[in-house]
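The values are calculated or read from the model by the stated rules, or taken from the named source; none is laboratory data. This structure is a prediction, so every number in the text was calculated from the model and none was measured. Note that we place each Cβ from the backbone using ideal geometry, even for glycine, and neighbour counts take in every protein chain shown.
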Amino acid sequence: MEKIKAWDLYIRVYHWMLVAIVILNYTLLEDGDLPHKVAGYVACGLVIVRIIWGFIGSPYARFSEFFPTPKKVVSYINELRHGRHPRYIGHNPLGAIMMLWLLFLILAIGLTGWLLGTDLFWGSEEMEKIHTYISHTMLVSAGIHAAAAVRESLIQKENLILAMIHGWKRKN
């Protein structure tokens, strides 16, 4: 079986670092404490570098490779509706939407967290609620993302989680 490098080292390290930061910030690190804030800023930094990498990175990391245009999304959904499951080396159109959504949510969490430390929003219960709501939305979205990766792994008969560790996928 011929293989192709789908995910470069940055994408893999970035992905698993974000997973670790989200888990740490949601479970072990105390809201508002310095480690929680630092982890959040690191997550935002990773996302900013990921956005840059989307323009200059390896082929399957580039937005031009997978950006989910309406035409691509509708075509992919129609394929699924007809029982066909097109295989992609990089992100499929729905996976691309989720990936972009998760990037947005991480930045929104970082922004609202930062705002909580400003004079304008210090102690703001409303901003805390927004920050928490976005955080919960991100967790649910990440859960859907993980479940979809498992589902696609079973359908495509290729372990996508393992591919995000070593970077390789089968070529065809």
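Considering only residues that are out of contact with any Gly (no Cβ under 7 Å at 6 or more places or on another chain) and of a type outside the set (Val, Ile, Thr), look in segment 42-53 and name the one that is surrounded by the fewest Cβ atoms within 10 Å (Cβ to Cβ).
For segment 42-53, the residue satisfying everything is 45.
Restricting segment 115-144 to residues that are over 30 Å from residue 96 (Cα atoms) and surrounded by 13 or more Cβ atoms within 10 Å (Cβ to Cβ), which is modelled with the highest pLDDT?
The residue in question is 116.
Which members of segment 20-35 meet the condition of being of a type in the set (Val, Ile, Thr) and either surrounded by 11 or more Cβ atoms within 10 Å (Cβ to Cβ) or closer than 15 Å to residue 145 by Cβ (or both)?
Residues satisfying the conditions are 21, 22, 23.
How about segment 145-160: which of its residues are aliphatic (A, V, I, L, M) and surrounded by 15 or more Cβ atoms within 10 Å (Cβ to Cβ)?
Hits for segment 145-160 are 148, 149, 160.
Mind checking which pairs have a first residue in segment 55-70 that is more than 14 Å from residue 12 (Cα to Cα) and a second that is surrounded by 13 or more Cβ atoms within 10 Å (Cβ to Cβ) and of a type in the set (A, V, I, L, M), Cβ under 7 Å, 6 or more apart or different chains?
Note: pairs meeting the criteria are 66/96; 67/96; 68/96; 68/97.
If residue 94 meets every condition in (1) farther than 21 Å from residue 21 by Cα; (2) more than 14 Å from the chain's Cα centre (by Cα) apart from one, which number is that one?
Every condition holds for residue 94 apart from (2).
Go over the candidates 106, 165 one by one and state the one that is out of contact with any Asp or Glu (no Cβ under 8 Å at 6 or more places or on another chain), among the aliphatic types (A, V, I, L, M) and over 20 Å from residue 62 (Cβ atoms).
Answer to the selection: 165.
For segment 77-136, give me each residue that is of a type in the set (Ser, Thr, Tyr) and outside any loop (DSSP other than H, G, I, E, B).
112, 132, 133, 135
Scan segment 4-19 for residues that are surrounded by 13 or more Cβ atoms within 10 Å (Cβ to Cβ), under 18 Å from residue 40 (Cα atoms) and either touching a Leu at 6+ places or on another chain (Cβ under 9 Å) or not β-branched (Val, Ile, Thr) (or both) and jot them down.
Selection gives 14, 15, 17, 18.
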